[in-house]
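Below is one structure; the comments refer to it alone.
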Amino acid sequence: MRSNLILELAKRDFTERYAGSVLGVFWAFIWPLVMIAIYTLVFSRVMGAKLPGISSVYSYSIYLISGLLPWTAFTNTVTRASTVFLDKRHLISKVSMPLPRLPLYVVISETVTFVVSMSFYLLFMILTGVPMTFKLLLLVPFVYAVQQIFAFSLGFLCATLSVFLRDLRELVSIIMQLWFWFTPIIYMKELLPPFAQRLLLLNPATYFIDAYHQIFFFDQLPNFQLLIVLTVMGHGLLLMAYTFFKKLEKEVRDFL
């Protein structure tokens, strides 16, 4: 598949999401702004939520949003990529294309949303006077790339399975909801008992969420050892997903 077709699909996916609305694609800018404002108002002003050892009134909001934004990109990529063959079967039947590349348009579309959301988050941090090391911010694209390779691989594997198991669409959504609560996004892993902290190391999402927390909240370098492990896991999963797809490619196209 030519790259311009992937980009065109990503463009359509992003614009059609807001098709028919008065403000159109401007909603992509409004939603992140509203979300950040709500979390800040509710947790910082209304509930007065704070984290141990951190005096800033915005501490919990900063911690929460720094994990919630990448998680949203991750879970949306996995969930939407898992049904991409079914969603685009009308296109697959008309145009000859290498199917393994098809989920890339989902990754690109979610990346645009992530960049917009992260831009507002950085603006929020600047306006609230949160200290930031801009050299650390240069690591964000790397962490995001590692995260999305894993998301793409998982979504690609589920996309192949979804062709034969149509109920997998709902199952993936349920799993992602449960996965959220087993990932230290709304709570700090340091507050958990030691055995629970060790269990979190079995959760790959912990690796990239912890990296964002280290960069944005603690203003420290992330744990590169965990990121390397996640990189290996992502590429290993990609190889497995691709091998699995190639063995079933004919059946996938027939079932579509």
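Please identify the trypsin sites (Lys or Arg not before Pro) of segment 166-235 that satisfy two criteria: DSSP loop assignment and at most 13 other Cβ atoms within 10 Å. Which are they? Here the sparse-neighbourhood loop sites are 166.
Among all the lysines, which ones have a C-alpha under 18 Å from residue 88's C-alpha, if same-chain residues fewer than 8 places away are not counted? Those lysines meeting the cut-off are 11, 250. At full extension, residue 254 and residue 34 could sit 74.8 nm farther apart than now, given 0.36 nm per residue minus the alpha carbon distance. In this simple spin-label approximation, residue 91 and residue 247 carry label points 7 Å from Cα along the Cα→Cβ vector, and these lie 2.8 nm apart.
Compute the separation of the alpha-carbon centres of segment 120-160 and segment 210-235 and state it in Å as a whole number. First find each Cα centre; the distance between them is then 10 Å.
For segment 133-224, chymotrypsin sites (Phe, Trp or Tyr not before Pro) are listed when DSSP marks them as loop and at most 14 other Cβ atoms sit within 10 Å of their Cβ; the list is 182, 187, 218.
The trypsin sites (Lys or Arg not before Pro) found in segment 62-129 that occupy coil by DSSP, while having at most 14 further C-beta atoms within 10 Å, are 94. With θ taken as phi - 60° and the Karplus curve 6.51 cos²θ - 1.76 cosθ + 1.60 applied, the whole-hertz 3J(HN,Hα) list for segment 95-101 is 10, 6, 8, x, 4, x, 8 Hz, x standing for glycine and proline.
Rounded to the nearest 0.05, the FRET efficiency derived from the C-beta distance between residue 203 and residue 166 at R0 = 25 Å is 0.35.
Taking every alpha-carbon pair under 8 Å whose residues sit at least 6 apart, segment 125-246 reaches a relative contact order of 45 percent.
We did not get these values from a lab; they are worked out from the coordinates using the rules stated. Because the structure is a prediction, the values reported are computed rather than measured. When we count neighbours, we look across all protein chains shown, and the Cβ atoms used for this are built from the backbone with ideal geometry, even at glycine.
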